[in-house]
1. So if each residue of separation counts as 0.36 nm, and I subtract the Cα-Cα distance between VAL27 and LYS105, what length gain in nm does that give?
2. Could you tell me which residue out of SER95, ASN30, THR56 lies farthest along the dipole of segment 1-116 toward its positive end? Charges go on the beta carbon: Lys and Arg +1, Asp and Glu -1, centred on the Cα centre.
3. Could you give the distance between the Cα centres of segment 1-19 and segment 77-119, to the whole Å?
4. Helix-derived [θ] at 222 nm for the chain: sum -39500 (n - 2.57) over DSSP H runs of at least 4, divide by residue count, nearest 500?
5. Where does helix 3-14 land angle-wise versus the long Cα axis of the chain, in degrees 0 to 90, nearest 10?
6. Give me the dipole magnitude in Debye, nearest 20, for segment 3-93 about the Cα centre, with unit charges on the beta carbon: positive for Lys and Arg, negative for Asp and Glu.
7. Provide, for q = 0.20, 0.23 Å⁻¹, the log10 of I(q)/I(0) from a solvent-free Debye sum over equal Cα point scatterers in segment 3-93.
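Each reported figure results from applying straightforward, stated rules to the coordinates on display, with no laboratory input. Model, not experiment: these values are computed from the prediction. Every residue, glycine among them, receives a Cβ derived from its backbone with ideal geometry; neighbour counts consider all protein chains shown.
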Amino acid sequence: MTDEKKIEIFEEAFQDTGIVGSRRDCVCGNIFYNSNGGWDWEDGELEGLAKNINATDVDYSVGTITFEGKGYCLDCTCWHKRALMIFRFLMSHNSPVVALFRAVKKYELAMVESIEVEI
Ligand SMILES: [Zn+2]
């Protein structure tokens with residue numbers, strides 16, 4: 001499997017669904033914005049973005065992806081290296097990862113079942 005395919009799969013799994021907009025600022029400092037999407041802009045905002053060397057105008061609403069507590073723009077590539085490391089870790093440790101999820105689920109179910117409810 002190519003790295004591009006791994007990124008595509010990672011993005012599909014971890015992207016922030018339903019969170020798109022006219023402008024998103026990536027944690028690395030890059031900005032992606034959609035100047036032609038019929039969005040409302042502050043006075044001078046679009047002109048400022050057009051002059052900003054870290055800003056990229058795209059033809060669609062800008063999406064985000066969040067993992068390890070950081071928010072990234074889907075269009076940015078700064079998160080790809082880390083995503084590939086996580087992807088490779090998860091794939092090379094799939095049995096322990098599944099065992100971990102099962103143990104957490106078992107613990108959570110035991111916690112729920114321990115709650116006494118008066119009906
Ligand atoms: Zn970035």
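1. Extra length available between VAL27 and LYS105 comes to 24.9 nm.
2. Value computed over the given set: SER95.
3. 18
4. -14000 deg cm²/dmol
5. Long axis of 3-14 versus the principal axis of the chain: about 70 degrees.
6. It comes to approximately 580 debye.
7. For segment 3-93, the Cα-only Debye profile gives -0.93, -1.14.
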